[in-house]
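Structure record follows, encoded as structure tokens.
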Amino acid sequence: MHPEGKTSLSPRIVDAFMAIVGKENVVYGEQELLVYECDAYTLEKNLPNVVLLPRSTDQISQVVKICAQEKLPIIPRGAGTSLSGSVLAVTGGVMICLSRMNRVLDIDFRNRRALVEAGCVNAWVTNAAKQKGFLYAPDPSSQSACTIGGNVAMNSGGPHTLKRGVTTNHVLGFEIVFPDGEIVWLGTRPDGSEDVPGYDLRGAVIGCEGMFGIVTRVLVKLIKAPQAYKTLLGIFESVDEASQTVSDIIAAGIVPGAMEMMDQMITQAVEAAYHFGFPLDAGAVLIVELDGLAAGLDKQADRVVEICKKNKAREVRIAKSEQERMDLWKSRKRAFGAIGRLSPNFLTQDGVVPRSQLPEIMRFIRQTSDKYGLRIPNVFHAGDGNIHPLILYDERDPQQVKNAVAAGNDILERCIELGGSATGEHGIGVEKIDFMAKQFSKETLDAMKMLRRVFDPETRCNPHKMFPGSKRCGDFAGKKQISA
Amino acid sequence: MELKPNTIAELSELLACANTRGEKISSVDLAALNRVLEHKAEDMTATVEAGMTLVAFQNELRQRGQWLPIDPPHPETLTIGNLLSANSSGPRRFGYGTIGDYLIGMKAVLADGRLIAPGGKVVKNVAGYDLAKIFVGGQGSLGVVVEATFKLRPLPERETFVQKKCNSLAEAGTLIEAVLDSELTPVVLDLHNTSGSYSFVLGFAGTNEEVAWQLDKASALGVKEPASLDYDREFWLQRTTANKIAVLPSKIIEAVQGLNGASFVARVGNGVIFHNDTTAPKKADLPLHLFQRLKDEYDPKHILPELTL
């Protein structure tokens, strides 16, 4: 690295990469590299020196060995849908993009598992399994684009994690290329038992934000698709009443498949974009999806309706058909996209609070919105206490950019104070580095660094992420910001 | 050296001291750390000290209609710490998974006495690495877990077990396939021979309606004789450890055939068999060099017990 900390790459090395992956799979040249300057977190940007699009684990291992020899940073990348700068090439380096390794390799229905390449898009797994009545449970809102490898790196969630858990609960094992080029399988093998003796290195790697190596093939669990769904839409006068409903449903011993909330501002934007039929004057809408065996589901739905009514729901609708259910979920999952109608730019936050603190954090967000004079609509995984305040701003006004960042920080700090976390599913990346020391002791952070040393002693894999003191991009608050 | 600390701070000091001298720790008794620190039923989470027994913990949770859905052998004496370090599980594993699926945060003291607190108290949290995972099944070789926070489940309205005695393994195998192909969602899917013949056991949990519907379906497949999980308790009453075979779930019948009639309990859905057969179990293909690096990193002087495989 030269004095400014930027990586330099000689043509000789680029030639070596071309010889391994093929010339057509090497992206080199500033214009072509622009696509790779950031993920969906657009406040910090930087170009990698080169992007490689390998087609096999073996190619990745060869490339990584060259990087090891030349001491080059490696940045693994899936679809680039992450929201916290987890795939940002902070000091440049060699970006290894898994998008051309995207096949579903094998589905073993009898043993309820599927083997896929890491670049396989999340939704493709369920698409491939559903004709036999199976699905892959974690369903991030970006599931039509994000990759399974990226999900492993981020330990991704989604609306349906309330009942079924997140990525780590559904990934049996995977093949990974470590930063020295070694290829290792961790966890359950495709033809092996789910019971693996020794340390759970599989679990230790999931959620490492691509800092331990490059995941190349993943063995995921398939679950039987629920026999029946009951999807309810509760319409409330206020976010407080909808939040209380969430707590009361949990307290009643009901664990829905998903419980998602949208406040008034989001509901209006979603309605304008997708015309689902949401009321424009409701304070909040709550989606409650019950799933499982058909027997008894109606009775459970009745109880949920009762709890909604007790909390002064104006109306509770029940999806009458699978089409209506799909439309409802489409509206929810595309909510972020509808924000373009409200504001040129927005900053998404991803805090978590204990479920019972939802009313408190929602009040705090309203205060924060007033304090900074920025609108902050909310759409979130209420059942998990995982909030997604969307801070609206206009990048052309530097004060607004500053305020948006400050508002986000205030909200995340409050989440931590309430016993929660600065991130429920988007990760630390470069964006939330400053929160690590607020959430964890120095000893705990040191113990995390020890884990990293086991896999990447040279800290070359996805460097300058997660830990306080990491190098930041000089280029803060972007020049070519897009409205997501 | 045996440790019996009264507080976390004391354990920290004892370990720091032993580490400086390079003294080996043979056991850590956490009996003094035996309280539920917090049970937030409205959040479906609880924090418990590692010296508490699983039974005592479950009893407290039950008062507010919840439980930790993990059912390993010897819950009366098994502490939360040992449950984590051995990654124990029981018959309900098919329906609920293992302890790692419920662990959302912990406190642990490392070999040099440092107290760490990975994870947190909320059910969804990806801040930092998922460091708690290396202590699950780690046999106390990387540090001493002193506190754990779990996500919980509501107690099911009803839980019922039914079985069918099978005359042959072939018959059991056919039945297993029929159940897996059906719409049933059992929480227990076991095969055992502890009562002489082969018994295929199903457990159903959930609302009254769900369970009743499944009992009907199971009955249509011939699985209808009322049962309990006593076979599992009795199997473990006679022993503290058993040999274990872990296979691809579809190979379970084949694996049982190889046991030469020894006493066994098989978790059919998970591909795990506990048995009496003395033939040496097949060693799995494991990344031992990485295990070694992990141990060297967290316990460089090797004062804590070694991982045994």
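The values are calculated or read from the model by the stated rules, or taken from the named source; none is laboratory data. Note that the coordinates shown come from a computational prediction; the quantities given were computed from them, not determined experimentally. For neighbour counting, all protein chains shown are included, and Cβ atoms are generated from backbone atoms with ideal geometry for every residue, glycine included. We work out accessible area using only protein heavy atoms, side chains counted, and drop any ligands, DNA or RNA first. Shrake-Rupley method; radii C 1.70, N 1.55, O 1.52, S 1.80 Å.
Exactly one of these conditions fails for residue B:300: (1) open to solvent by 40 Å² or more (accessible area, probe 1.4 Å); (2) under 23 Å from residue B:82 (Cα atoms); (3) without any contact (Cβ under 8 Å) to a residue 24 or more places away in the chain. Give me its number.
All conditions are met except number (3).
With the requirement that a residue be closer than 21 Å to residue A:247 by Cβ, within 29 Å of the chain's Cα centre (by Cα), within 14 Å of another protein chain (Cβ to nearest Cβ) and of a type outside the set (A, V, I, L, M, F, W, C), what does region A:264-304 give you?
Matches in region A:264-304: A:291 only.
Which residues, taken from region A:136-156, are within 14 Å of chain B (Cβ to nearest Cβ), within 29 Å of residue B:183 (Cβ to Cβ) and either more than 10 Å from the chain's Cα centre (by Cα) or open to solvent by 20 Å² or more (accessible area, probe 1.4 Å) (or both)?
Scanning region A:136-156 gives A:137, A:138.
If I go through region B:71-110 residue by residue, how many of them are of a type outside the set (D, E, K, R), within 14 Å of another protein chain (Cβ to nearest Cβ) and within 16 Å of residue B:152 (Cβ to Cβ)?
12
Which number in (1) open to solvent by 20 Å² or more (accessible area, probe 1.4 Å); (2) in a helix (DSSP H, G or I) marks the one condition that residue A:396 misses?
The failed condition is (2).
Identify, from the list B:232, B:216, the residue that is in contact with a Pro (Cβ under 7 Å, 6 or more places away or on another chain) and either closer than 25 Å to residue B:157 by Cα or assigned to a loop (DSSP other than H, G, I, E, B) (or both).
One residue alone meets the criteria, B:232.
Just wondering, is there one or more residues in region A:345-358 that are within 18 Å of residue A:159 (Cβ to Cβ) and hydroxyl-bearing (Ser, Thr, Tyr)?
Looking only at region A:345-358, we keep the residues that are within 18 Å of residue A:159 (Cβ to Cβ), and these are A:348-353, A:355, A:358.
Filter again for hydroxyl-bearing (Ser, Thr, Tyr), leaving A:348.
Within region A:345-358, one or more residues are within 18 Å of residue A:159 (Cβ to Cβ) and hydroxyl-bearing (Ser, Thr, Tyr).
For residue B:202, indicate whether it is assigned to a strand (DSSP E or B) and open to solvent by less than 30 Å² (accessible area, probe 1.4 Å).
Working: assigned to a strand (DSSP E or B): yes; open to solvent by less than 30 Å² (accessible area, probe 1.4 Å): yes.
Considered against the rule, which asks whether it is assigned to a strand (DSSP E or B) and open to solvent by less than 30 Å² (accessible area, probe 1.4 Å), residue B:202 comes out as yes.
Can you name the condition, by its number, that residue A:6 falls short on among (1) open to solvent by 30 Å² or more (accessible area, probe 1.4 Å); (2) more than 29 Å from residue A:337 (Cα to Cα); (3) in a helix (DSSP H, G or I)?
Here residue A:6 meets the rest and fails (3).
Taking the condition of being more than 21 Å from residue B:180 (Cβ to Cβ) and without any contact (Cβ under 8 Å) to a residue 12 or more places away in the chain, how many residues in region B:215-234 meet it?
Of the residues in region B:215-234, 1 are more than 21 Å from residue B:180 (Cβ to Cβ) and without any contact (Cβ under 8 Å) to a residue 12 or more places away in the chain.
Please work out if residue A:96 is among the β-branched types (Val, Ile, Thr) and either over 30 Å from residue A:8 (Cα atoms) or in contact (Cβ under 8 Å) with a residue 60 or more places away in the chain (or both).
The answer is yes for residue A:96.
Listed residues B:158, B:114, B:153; which is within 9 Å of chain A (Cβ to nearest Cβ), open to solvent by 30 Å² or more (accessible area, probe 1.4 Å), at pLDDT 95 or above and in contact with a helix residue (DSSP H, G or I) (Cβ under 6 Å, 6 or more places away or on another chain)? Walk me through it before giving the result.
On the way: B:158 fails: within 9 Å of chain A (Cβ to nearest Cβ); B:153 fails: in contact with a helix residue (DSSP H, G or I) (Cβ under 6 Å, 6 or more places away or on another chain).
Checking each option against the conditions leaves just B:114.
Given (1) within 13 Å of chain A (Cβ to nearest Cβ); (2) open to solvent by 10 Å² or more (accessible area, probe 1.4 Å), where does residue B:138 come up short, assuming only one miss?
(2)
Can you tell me which residue is modelled with the lowest pLDDT among those in region B:256-282 that are closer than 16 Å to residue B:234 by Cα and open to solvent by 10 Å² or more (accessible area, probe 1.4 Å)?
Per the criteria, the residue is B:276.
Look through region A:441-472, keep the residues that are in a loop (DSSP other than H, G, I, E, B), open to solvent by 10 Å² or more (accessible area, probe 1.4 Å) and in contact with a strand residue (DSSP E or B) (Cβ under 9 Å, 6 or more places away or on another chain), and return whichever of them is nearest to the other protein chains (Cβ to nearest Cβ).
A:441
Just to be sure I understand the filter: pairs with C-beta atoms under 6 Å, separated by 6 or more residues or on different chains, first member in region A:295-313 and over 18 Å from residue B:213 (Cα atoms), second member of a type in the set (D, E, K, R) and open to solvent by 20 Å² or more (accessible area, probe 1.4 Å). Which pairs pass?
A:307/A:248; A:311/A:241; A:312/A:241
Need the failing condition index for residue B:38 against (1) over 28 Å from residue B:97 (Cα atoms); (2) open to solvent by 10 Å² or more (accessible area, probe 1.4 Å), just the number.
(1)
Of the conditions (1) over 18 Å from the mean Cα position of the chain (by Cα); (2) in a helix (DSSP H, G or I); (3) within 9 Å of chain A (Cβ to nearest Cβ), residue B:121 clears all except one; give me its number.
In the conditions (1) over 18 Å from the mean Cα position of the chain (by Cα); (2) in a helix (DSSP H, G or I); (3) within 9 Å of chain A (Cβ to nearest Cβ), residue B:121 misses (2) alone.
Just checking, how many residues over region A:371-415 are over 23 Å from residue A:269 (Cα atoms) and in contact (Cβ under 8 Å) with a residue 40 or more places away in the chain?
Selection size over region A:371-415: 6.
Which residues, counting only those in region A:211-246, are over 27 Å from residue A:321 (Cβ atoms) and open to solvent by 10 Å² or more (accessible area, probe 1.4 Å)? Quick ask: steps written out before the conclusion?
We begin by selecting, within region A:211-246, every residue over 27 Å from residue A:321 (Cβ atoms); these are A:211-221, A:237-241, A:243-244.
Of everything in region A:211-246, those that are over 27 Å from residue A:321 (Cβ atoms) and open to solvent by 10 Å² or more (accessible area, probe 1.4 Å) turn out to be A:215, A:217, A:221, A:237, A:238, A:239, A:240, A:241, A:244.
Condition first: more than 7 Å from chain B (Cβ to nearest Cβ), open to solvent by 30 Å² or more (accessible area, probe 1.4 Å), of a type outside the set (D, E, K, R) and in a loop (DSSP other than H, G, I, E, B). Now tell me which residues in region A:180-205 satisfy that. Walk me through it before giving the result.
Let us first name the residues in region A:180-205 that are more than 7 Å from chain B (Cβ to nearest Cβ), namely A:180-183, A:185, A:187-190, A:202, A:205.
Now restrict to residues that are open to solvent by 30 Å² or more (accessible area, probe 1.4 Å): A:180, A:182-183, A:189-190, A:202.
Keeping just the survivors that are of a type outside the set (D, E, K, R) gives A:183, A:190.
Within region A:180-205, A:190 is the sole residue that qualifies.
Looking only at residues in region B:236-255 that are exposed (fewer than 15 other Cβ atoms within 10 Å of the Cβ) and either touching a Ser or Thr at 6+ places or on another chain (Cβ under 6 Å) or β-branched (Val, Ile, Thr) (or both), which one is nearest to the other protein chains (Cβ to nearest Cβ)?
B:241
Of all residues being open to solvent by 10 Å² or more (accessible area, probe 1.4 Å), in contact (Cβ under 8 Å) with a residue 60 or more places away in the chain and of a type outside the set (D, E, K, R) in region A:157-179, which is farthest from the other protein chains (Cβ to nearest Cβ)? Just the residue, please.
Per the criteria, the residue is A:160.
How many residues does region A:345-376 hold that are in contact with a strand residue (DSSP E or B) (Cβ under 8 Å, 6 or more places away or on another chain), more than 22 Å from residue A:139 (Cβ to Cβ) and part of a loop (DSSP other than H, G, I, E, B)?
4
What is the residue count in region A:324-373 for residues that are away from chain B (no Cβ under 14 Å), of a type outside the set (Asp, Glu) and open to solvent by 40 Å² or more (accessible area, probe 1.4 Å)? Walk me through it before giving the result.
Of region A:324-373, the ones away from chain B (no Cβ under 14 Å) are A:324-348, A:362-373.
Filter again for of a type outside the set (Asp, Glu), leaving A:325-326, A:328-348, A:362-369, A:371-373.
Within this subset, residues satisfying the condition of being open to solvent by 40 Å² or more (accessible area, probe 1.4 Å) are A:326, A:330, A:333-334, A:336-337, A:340-342, A:344, A:363-364, A:366-367, A:371-373.
Of the residues in that region, 17 qualify.
Does region A:158-177 contain any residue that is within 28 Å of residue A:72 (Cβ to Cβ) and out of contact with any Lys or Arg (no Cβ under 8 Å at 6 or more places or on another chain)?
Kept after step one, since they are within 28 Å of residue A:72 (Cβ to Cβ), are these residues of region A:158-177: A:174-177.
Now drop any that are not out of contact with any Lys or Arg (no Cβ under 8 Å at 6 or more places or on another chain), which leaves A:176-177.
Yes, region A:158-177 contains at least one residue that is within 28 Å of residue A:72 (Cβ to Cβ) and out of contact with any Lys or Arg (no Cβ under 8 Å at 6 or more places or on another chain).
Could you list, ordered by first residue, the pairs with Cβ atoms under 7 Å in which the first is in region A:138-153 and outside the structural domain of residue A:326 (by TED's automatic domain parsing) and farther than 18 Å from residue A:88 by Cα and the second is of a type in the set (Gly, Ala, Ser) and assigned to a helix (DSSP H, G or I), at least 6 apart or interchain?
Pairs that qualify, where the first residue is outside the structural domain of residue A:326 (by TED's automatic domain parsing) and farther than 18 Å from residue A:88 by Cα and the partner is of a type in the set (Gly, Ala, Ser) and assigned to a helix (DSSP H, G or I), are A:143/A:123; A:144/A:123.
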